[in-house]
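To start, the structure under review is shown below, and the notes come after it.
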Amino acid sequence: MTSNFALGIDIGGSGIKGAVVDLAAGDFATERLRIETPQESTPANVAFVVGEIVANFSDQLGDGPIGITIPAIVQHGVTLSAANIHPSWVNCPAEKIFEDALGRDVVLVNDADAAGVAEVQFGAAKGNPGLVIITTLGTGIGSAIVYRGMLIPNSELGHLEIDGYDAEKRAAASARTREELSWDEYVPRLQRYYETVEFLFSPDLLVVGGGVSKKAHKFLPRLNLRTPIVPAELQNRAGIIGAAWLAVDKSAHPDLLR
Ligand code: BGC
């Protein structure tokens with residue numbers, strides 16, 4: 001680690017949020033700023049809002065690292081998919097677009113990867129020496145695979161095909177609200193999802209994030225798995241904290257990780 005402070009920015013379908021993170025403490029060092037995601041969430045429009053967030057924190061950040069999350073596959077700075085954001089992000093040199101707009105380096109990562117890393121560094125999976133799979137149940141299902149503290153990026157386990165369905169269409173938190181499912185109806189879908197993930201990966205720990213994890217008592221005790229499964233701890237701070245952590249990690253090892 002070269003710096004203890006970095007700016008984390010979390011781009012979501014409805015809001016773009018940022019805060020300076022104290023990575024020694026694993027928590028925000030400033031207030032969080034939230035700006036609505038532009039109606040047309042194109043790269044240029046989103047980059048403009050990201051610029052406003054960076055400008056807002058310029059005094060506290062100085063020339064510190066900037067990490068940004070996005071709900072998309074991000075390989076070597078290029079976004080290859082687009083979940084709940086404008087389709088023009090597909091095959092888009094997004095990291096470069098942000099860097100050109102801001103005039104400085106950024107590190108762009110998948111939203112669930114950032115949240116997962118934050119849970120392993122500072123939250124529910126802190127200190128776990130094995131294989132941890134973090135899933136976020138929201139509009140879709142995001143996933144992060146972390147083995148011995150090292151992220152294996154872009155796992156996309158929300159798109160496993162289970163019983164002929166794209167898993168997130170059946171088991172994301174949005175499926176419960178969209179289809180007005182009772183917990184009795186929703187829990188078997190989660191059971192089917194997590195038993196498949198467990199069978200395929202044999203993780204040491206499963207962590208469940210996303211807004212629905214606040215209601216973990218309604219479903220976690222009812223899942224029948226051999227793997228311990230726990231709620232995420234950092235809630236809506238995870239993306240920002242993980243983005244900041246990954247930004248510092250990458251700036252410390254530029255050749256190794258880019
Ligand atoms: C996307 C992932 C994203 C997840 C959570 C999925 O639909 O494919 O890239 O991490 O939603 O936003």
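Every number here is computed from the coordinates shown, using simple stated rules; none is lab data. If you're wondering where the values come from, they're calculated on a predicted model, not measured in any experiment. Every residue, glycine as well, gets a Cβ built from its backbone with ideal geometry; the counts of neighbours run over all protein chains shown.
Remarks
- The chain: angle of helix 111-122 to the longest principal axis, Cα-based, in degrees nearest 10: 90
- Cross-link partners of residue 17 among lysines, defined as those whose alpha carbon lies under 28 angstrom from its own and excluding same-chain residues fewer than eight positions apart: 96, 126, 169, 214, 215, 250.
- Net charge of neighbours whose Cβ lies under 14 Å from the Cβ of residue 163, counting Lys and Arg as +1 and Asp and Glu as -1: 0
- Segment residue 24-residue 148, extension gain: residue separation times 0.36 nm, minus the distance between their alpha carbons: 42.7 nm
- Projected area, mean over directions - the chain, Cα convex hull, nm²: 13.0
- Helix 238-252 vs. the chain, principal-axis angle (Cα, 0 to 90°, nearest 10): 50
- Extension reserve of the residue 90-residue 60 stretch, reckoned as 0.36 nm per residue once the Cα distance is removed: 7.5 nm
- Charge context of residue 43, other residues only, Cβ under 13 angstrom, K/R +1, D/E -1: -3
- Sequence ranges 6-19, 42-55, 174-187, 201-214, ranked by mean other-Cβ count within 10 angstrom, highest first: 6-19, 201-214, 42-55, 174-187
- Nearest 10 degrees, 0 to 90: helix 183-201 Cα axis against the chain principal axis: 70
- Sequence ranges 34-41, 191-198, ranked by mean other-Cβ count within 10 angstrom, highest first: 191-198, 34-41
- Cα-based equivalent ellipsoid of the range 26-65: semi-axis lengths in Å, sorted from largest, via gyration tensor: 22, 12, 8
- Here the contact order of the chain, divided by its residue count and restricted to Cα pairs under 8 Å and six or more residues apart, works out to 23 percent.
- Here the Kirkwood formula puts the hydrodynamic radius of the range 127-232 at 13.7 Å, using every distinct Cα pair.
- Cα gyration tensor shape of the range 48-162, rounded if a/c is under 1.5, else prolate or oblate by comparing a/b with b/c: oblate
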